[in-house]
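Participant: Before we start, here is the structure in question, set down as structure tokens.
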Amino acid sequence: MKAELVVAEARELAQPEEARKVHDFILKQASRFTSATYKTHLKDLYSHINKPAKEVTLSDVIGYKEELSRRRLKPATIALKLTVAREFFGFLKELGEVQVNPLALIKNPKVANISSSEALLDTEIKSLLGSINRSRPVGKRDFALLSLLYSAGLRVSELCNLKANCLEEREGKNGQKHIIIKVIGKGGKGRVVKVQGWVLQAIKDYQATQPRAEFLFTSTRTGKKLTPRGVQLLIKRRVGDLKKAGFFDRDKKVSPHSLRHTYATACLRLGAKPHKVQASLGHASIATTMRYYHELDELEDYAGDYLPAIDIS
């Protein structure tokens with residue numbers, strides 16, 4: 001069904017050869033929704049430049065960016081259109097269809113970043129995780145919990161609903177084995193989240209203290225699964241102590257969602273493609289993902305692979 005939709009939309013382009021390029025590019029996208037979004041923006045690009053991709057110049061894309069501004073589109077919309085075009089030409093360059101990516105030097109407009117006030121700095125993440133005493137069960141739990149929130153970009157509700165047996169081993173296309181968690185997100189939609197090695201070790205260390213637990217993260221007082229409110233209070237308490245010690249700005253608001261924001265902005269800043277981050281966050285719309293936008297490099301693979309392991313030793 002996805003391929004049929006792509007072909008039907010691609011035929012609306014005037015030149016069959018360009019339609020083929022769009023068709024091949026769209027088929028690589030993560031979801032039907034993402035495909036529809038990308039098709040819309042590429043059709044808009046072609047309607048403006050009106051020439052084959054191999055003939056597009058820097059001057060053409062500068063003119064396209066100026067045209068988008070004249071339409072009084074929101075900066076986030078312009079950023080998304082330019083990002084789609086940049087990925088498209090990057091795809092064509094990899095195939096040898098074009099010699100250069102004409103958008104490589106084109107900067108996206110600044111977008112109001114909803115996470116800028118909440119996203120944590122690298123130093124703050126290290127302070128938060130490094131301050132935890134892991135010699136006690138509660139410390140092992142908090143370290144594993146915060147590490148997973150940060151490294152996987154989970155919603156707090158998703159985290160709280162994880163079962164103790166949620167970890168699975170899966171073999172990738174190249175034969176490499178990964179540890180994954182199947183997450184049920186908004187609207188009951190499922191997705192797969194890859195667990196980094198250092199986080200997996202933290203989870204195993206914690207689980208050794210909770211051999212009979214049904215849920216992955218439980219209250220040390222009642223033994224029942226943690227609630228979103230419980231996680232919020234946990235973070236508030238730990239960050240509060242760090243604020244008193246001068247490691248955090250006293251006016252900075254930090255919540256469970258702050259770690260999701262940190263994940264998204266870090267992935268985009270370090271090179272993950274928007275549709276990869278969209279898939280890992282479980283966003284229905286790539287426009288939501290673009291609200292975390294900083295600057296993008298043309299890199300690929302799973303979004304979380306771009307996050308460095310936190311060295312707190």
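The values are calculated or read from the model by the stated rules, or taken from the named source; none is laboratory data. What you see is a predicted model; the values in this text were computed from it and never measured. Don't worry about glycine lacking a Cβ; one is built from the backbone with ideal geometry, like all the others, and counts go over all protein chains shown.
Participant: Quick one: G175 ticks every box in (1) over 21 Å from the mean Cα position of the chain (by Cα); (2) at positive phi; (3) assigned to a helix (DSSP H, G or I) except a single one, so which number is it?
Facilitator: G175 satisfies every listed condition except (3).
Participant: Please state which of the following conditions I203 fails to meet, knowing it meets all the rest: (1) farther than 26 Å from I125 by Cβ; (2) at pLDDT 90 or above.
Facilitator: Just one mismatch for I203, condition (1).
Yes/no matrix, rows are residues, columns are (1) among the basic types (K, R); (2) on the phi > 0 side of the Ramachandran plot; (3) under 16 Å from the mean Cα position of the chain (by Cα):
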residue: R212; (1), (2), (3): yes, no, no
residue: T227; (1), (2), (3): no, no, no
residue: G246; (1), (2), (3): no, yes, no
residue: V254; (1), (2), (3): no, no, no
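Participant: Please verify whether K28 is in a loop (DSSP other than H, G, I, E, B), modelled with pLDDT under 85 and not assigned by TED's automatic domain parsing to the domain that holds H283, treating the condition exactly as stated. Walk me through it before giving the result.
Facilitator: Details: in a loop (DSSP other than H, G, I, E, B): yes; modelled with pLDDT under 85: yes; not assigned by TED's automatic domain parsing to the domain that holds H283: yes.
So K28 fits the description; yes.
Participant: Can I ask one more? Six or more apart or on different chains, Cβ under 8 Å: which pairs go from a residue in segment 225-250 that's surrounded by fewer than 13 Cβ atoms within 10 Å (Cβ to Cβ) to one that's among the charged types (D, E, K, R)? Could you list them?
Facilitator: So the pair list comes out as D249/K243; R250/K243.
Participant: Here's another thing I want to ask about it. Can you confirm whether segment 146-165 contains a residue that is over 20 Å from the mean Cα position of the chain (by Cα) and in a strand (DSSP E or B)?
Facilitator: Scanning segment 146-165, I find at least one residue that is over 20 Å from the mean Cα position of the chain (by Cα) and in a strand (DSSP E or B), so the answer is yes.
Participant: Same structure again: Is it the case that segment 182-205 has a residue that's assigned by TED's automatic domain parsing to the domain that holds V239, among the acidic types (D, E) and farther than 18 Å from V254 by Cα?
Facilitator: Looking through segment 182-205, at least one residue is assigned by TED's automatic domain parsing to the domain that holds V239, among the acidic types (D, E) and farther than 18 Å from V254 by Cα.
Participant: Of all residues in segment 65-78, count the ones that are modelled with pLDDT under 85 and within 14 Å of L45 (Cα to Cα).
Facilitator: Kept after step one, since they are modelled with pLDDT under 85, are these residues of segment 65-78: 74-77.
If we keep only those that are within 14 Å of L45 (Cα to Cα) too, we end up with 77.
Within segment 65-78, residues that are modelled with pLDDT under 85 and within 14 Å of L45 (Cα to Cα) number 1.
Every residue, every condition in (1) out of contact with any Leu (no Cβ under 7 Å at 6 or more places or on another chain); (2) more than 30 Å from V61 (Cα to Cα); (3) at pLDDT 90 or above, yes or no:
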residue: I106; (1), (2), (3): no, no, no
residue: N113; (1), (2), (3): yes, no, no
residue: T123; (1), (2), (3): yes, yes, no
residue: F143; (1), (2), (3): no, yes, yes
residue: L149; (1), (2), (3): no, yes, yes
residue: N161; (1), (2), (3): yes, yes, yes
residue: K173; (1), (2), (3): yes, yes, no
residue: I179; (1), (2), (3): no, yes, no
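Participant: Quick one: in segment 201-232, which of the residues that are part of a loop (DSSP other than H, G, I, E, B) and of a type in the set (S, T, Y) is farthest from L149 (Cα to Cα)?
Facilitator: Going residue by residue through segment 201-232, those that are part of a loop (DSSP other than H, G, I, E, B) are 208-214, 216-217, 219-224, 226-227.
Of the ones still in play, those that are also of a type in the set (S, T, Y) are 209, 219-220, 222, 227.
Details: T209: 20, S219: 17, T220: 19, T222: 22, T227: 14 Å.
So the residue we want is T222.
Participant: Do we have K177 as of a type in the set (D, E, K, R), in contact (Cβ under 8 Å) with a residue 60 or more places away in the chain and farther than 18 Å from K225 by Cβ here? Walk me through it before giving the result.
Facilitator: On the way: of a type in the set (D, E, K, R): yes; in contact (Cβ under 8 Å) with a residue 60 or more places away in the chain: no; farther than 18 Å from K225 by Cβ: yes.
The answer is no for K177.
Participant: Would you say L80 is assigned by TED's automatic domain parsing to the domain that holds G223 and touching a residue at least 12 places away in the same chain (Cβ under 8 Å)? Step through it out loud before you land on a result.
Facilitator: Values: assigned by TED's automatic domain parsing to the domain that holds G223: no; touching a residue at least 12 places away in the same chain (Cβ under 8 Å): yes.
For L80, the condition - assigned by TED's automatic domain parsing to the domain that holds G223 and touching a residue at least 12 places away in the same chain (Cβ under 8 Å) - is not met.
Participant: Where in segment 32-105 are the helices (runs of 4 or more DSSP H), entirely inside, with at least 3 residues that are closer than 21 Å to L268 by Cα and within 25 Å of the chain's Cα centre (by Cα)? Steps first, please.
Facilitator: Details: elements: 32-49, 58-70, 75-95.
Filter on segment 32-105 gives 32-49, 75-95.
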